[in-house]
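The values are calculated or read from the model by the stated rules, or taken from the named source; none is laboratory data. Note that the coordinates shown come from a computational prediction; the quantities given were computed from them, not determined experimentally. Cβ placement follows ideal geometry from the backbone for every residue including glycine, while neighbour counts extend to all protein chains displayed. Accessible surface areas use protein heavy atoms only, side chains included; no ligands, DNA or RNA. Shrake-Rupley method; radii C 1.70, N 1.55, O 1.52, S 1.80 Å.
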Amino acid sequence: MPNPQRRRIHEHRRAGLMRNAARKAETTVELSRRQAIRAGLLGVAGLASCGALAACADSGGKNAPGSMALWYWSGGLSPNVVSDAVKRYAAQTALSSSVIGGDFKQKLMTTMTSRRFVPDITGIKGEDMASFFPDADQFIDLNTLGAKKLKPQYLGWKWDQGETADGKLIGFPIDIGPTAMYYREDLYAKAGLPSDPTAVSAQMKTWDEYFAAGVELHKAIPATYLVDNAGDIFTAAVGQGKQRFIDENGNFIGDQDHIRAAWDIAVKPITLGIDAKINDNSWNGNVSNGTVGSVIGAAWHASDIEQAAPNLSGKWRVAANPSGPSDNGGSFLAIPNECSDPALAFEIITWLLDAANQARGFTDEALFPSTPASYALPALTSGDPYFGGQKTIEVFGPAAKNVPVQYTAPADNAVSGPYFNELINVENGSGSESAWNAAVSQAKQIFAQQGLG
């Protein structure tokens, strides 16, 4: 069984088999998405299948009087912080927490459409947030509870991701996913490459420099590949720009130069022979046995590497993401309208996600804080033994503050899916140009099926 952090990879990071299977199973309808990333999307079409969340529900079961229910997924919050919240607020409510397995979004949607036993507080994964905006009226606007005055304590770009176009805040930031280059210090050194994080960041500032180093690495150590899969590179490259697949006016722009440039970047390690093409559950073993020499991943991915390869403690390091940072993952807490006591729920949320508790979340679950004040706390400033004592905050802190601000449309996850599927096809031998054309064509079809084209 994959550990909790590995499940987060399938929900937040990788363009693997789970996503591929989900896309193939739903080729003519919206997908029930991300990297692997995103296999469990219901999305806009899922909302529309009921007309809207409010339109297909009856007012049935309620949570017990004097109680409050919190839903999140494994790895979504620190269980220690949640446990302390239960004790802290015991005099005001019987707070219960449920770690929901499987397709979290699907289960939340099902519960909300039925209006039966809807949680008072719920997590929403970052990649799913925009898809809830069309039904934002089913959540409490947190600004009505005083959230706006807290905004300066959080990263502005992350805060804005939880806010609708008309200014309603439905998502309060939990964590963020600033990306970086994780790499094997010992293998880089063996290949004659720079191995100190500062030197690596300086010599591999661009994608081309990074890939050139990968060619040298694979030449010196044929069993080791620079890249685990092309989807990871595509995710980071898309995230480095200002635009994604749909613009603010609702236009499909997935066929434009910025997406094509990200596609070409992702294809390059395939053509250079430095892509390990790992799109299945063999990832852990391939990290542990040295097949994977580096990974472009979010801050929370550190825990995945450590759990996949405890035998390699002290051999991994972190350097800056080539060509600049991007954000991958990071989630929110929200309050559905059915909440029995919104003011108390908001108080609990703000306590769970203050700077001190976000620092605990980093220690417990590798949840990189959305509160810059956390970055000066010992939990983040101490050296990480697994990464050879490196203070990884020195890489992730600046990255977090310099992530490009992007508009993410409600249908972004669904529309982006074909690109990841077609990159897998390129890894399996398809031509890059024909795969690109197929991805664009399929993305346009999904866009039209959303009623947007």
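For Glu163, the stated conditions do not hold, so it cannot be described as over 30 Å from Pro410 (Cα atoms), open to solvent by 10 Å² or more (accessible area, probe 1.4 Å) and either touching a Lys or Arg at 6+ places or on another chain (Cβ under 6 Å) or not aliphatic (A, V, I, L, M) (or both). Of all the numbered requirements in (1) under 30 Å from Gln307 (Cα atoms); (2) in a helix (DSSP H, G or I), Val403 misses one, and that requirement is (2). Among the residues of the stretch 272-295, those identified as among the aliphatic types (A, V, I, L, M) and open to solvent by 10 Å² or more (accessible area, probe 1.4 Å) are Leu272, Ala276.
Residues that are open to solvent by less than 10 Å² (accessible area, probe 1.4 Å) and in a loop (DSSP other than H, G, I, E, B) were ranked within the stretch 297-313; the one that is modelled with the highest pLDDT is Ala309. Determine whether the stretch 249-256 contains at least one residue that is at positive phi, in a loop (DSSP other than H, G, I, E, B) and either among the hydroxyl-bearing types (Ser, Thr, Tyr) or modelled with pLDDT of 95 or more (or both). No; the residues of the stretch 249-256 include none that is at positive phi, in a loop (DSSP other than H, G, I, E, B) and either among the hydroxyl-bearing types (Ser, Thr, Tyr) or modelled with pLDDT of 95 or more (or both). Run Ala379 past the list (1) more than 20 Å from Leu108 (Cβ to Cβ); (2) assigned to a loop (DSSP other than H, G, I, E, B); (3) modelled with pLDDT under 95; (4) not basic (Lys, Arg) and report the number of the one that doesn't hold. Every condition holds for Ala379 apart from (2). Within the stretch 256-277, the residues that satisfy the criterion of being among the hydrophobic types (A, V, I, L, M, F, W, C) and in contact with a strand residue (DSSP E or B) (Cβ under 7 Å, 6 or more places away or on another chain) are Ile274, Ala276.
One line per residue, one yes/no per condition, for (1) farther than 18 Å from Phe420 by Cβ; (2) modelled with pLDDT of 95 or more; (3) part of a loop (DSSP other than H, G, I, E, B); (4) among the small types (Gly, Ala, Ser):
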position: Asp186; (1), (2), (3), (4): yes, yes, no, no
position: Pro194; (1), (2), (3), (4): yes, yes, yes, no
position: Lys219; (1), (2), (3), (4): yes, yes, no, no
position: Gly241; (1), (2), (3), (4): no, no, yes, yes
position: Ile265; (1), (2), (3), (4): no, yes, no, no
position: Pro269; (1), (2), (3), (4): no, yes, no, no
position: Gly273; (1), (2), (3), (4): yes, yes, yes, yes
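Condition (residue is acidic (Asp, Glu), surrounded by 20 or more Cβ atoms within 10 Å (Cβ to Cβ) and over 21 Å from Leu352 (Cα atoms)) applied to the stretch 166-186: is it met by at least one residue? Yes. The set of residues in the stretch 329-358 being assigned to a helix (DSSP H, G or I) and either of a type outside the set (S, T, N, Q) or modelled with pLDDT under 95 (or both) consists of Pro342, Ala343, Leu344, Ala345, Phe346, Glu347, Ile348, Ile349, Trp351, Leu352, Ala355, Ala356. Taking the criterion of being closer than 17 Å to Thr179 by Cβ and out of contact with any strand residue (DSSP E or B) (no Cβ under 8 Å at 6 or more places or on another chain), would at least one residue in the stretch 212-229 satisfy it? Scanning the stretch 212-229 turns up no residue that is closer than 17 Å to Thr179 by Cβ and out of contact with any strand residue (DSSP E or B) (no Cβ under 8 Å at 6 or more places or on another chain).
Out of the residues in the stretch 107-138 that are more than 19 Å from Asp412 (Cβ to Cβ) and touching a Cys at 6+ places or on another chain (Cβ under 9 Å), state the one that is surrounded by the fewest Cβ atoms within 10 Å (Cβ to Cβ). Checked the stretch 107-138; the qualifying residue surrounded by the fewest Cβ atoms within 10 Å (Cβ to Cβ) is Ser114. Of the residues making up the stretch 422-447, those that are surrounded by 20 or more Cβ atoms within 10 Å (Cβ to Cβ) and more than 14 Å from Asp264 (Cβ to Cβ) number 5. Among the residues of the stretch 75-95, those that are at pLDDT 95 or above and either of a type in the set (Gly, Ala, Ser) or open to solvent by less than 20 Å² (accessible area, probe 1.4 Å) (or both) comprise Leu77, Ser78, Val81, Val82, Ser83, Ala85, Tyr89, Ala90, Ala91, Thr93, Ala94, Leu95. When Lys151, Lys158 are checked against the criterion of being part of a helix (DSSP H, G or I), closer than 24 Å to Ala298 by Cβ, open to solvent by 30 Å² or more (accessible area, probe 1.4 Å) and basic (Lys, Arg), Lys151 stands alone in meeting it. Residues in the stretch 96-103: is at least one over 30 Å from Thr392 (Cβ atoms) and open to solvent by less than 20 Å² (accessible area, probe 1.4 Å)? Taking every residue of the stretch 96-103 in turn, none turns out to be over 30 Å from Thr392 (Cβ atoms) and open to solvent by less than 20 Å² (accessible area, probe 1.4 Å). Residues considered: Leu187, Leu226, Leu193. Of these, the only one that is within 26 Å of the chain's Cα centre (by Cα) and farther than 30 Å from Thr164 by Cβ is Leu226. Kindly check whether there is at least one residue in the stretch 321-332 that is in contact with a Cys (Cβ under 6 Å, 6 or more places away or on another chain) and either open to solvent by 30 Å² or more (accessible area, probe 1.4 Å) or of a type outside the set (Ser, Thr, Tyr) (or both). No, there is no match, as no residue in the stretch 321-332 is in contact with a Cys (Cβ under 6 Å, 6 or more places away or on another chain) and either open to solvent by 30 Å² or more (accessible area, probe 1.4 Å) or of a type outside the set (Ser, Thr, Tyr) (or both).
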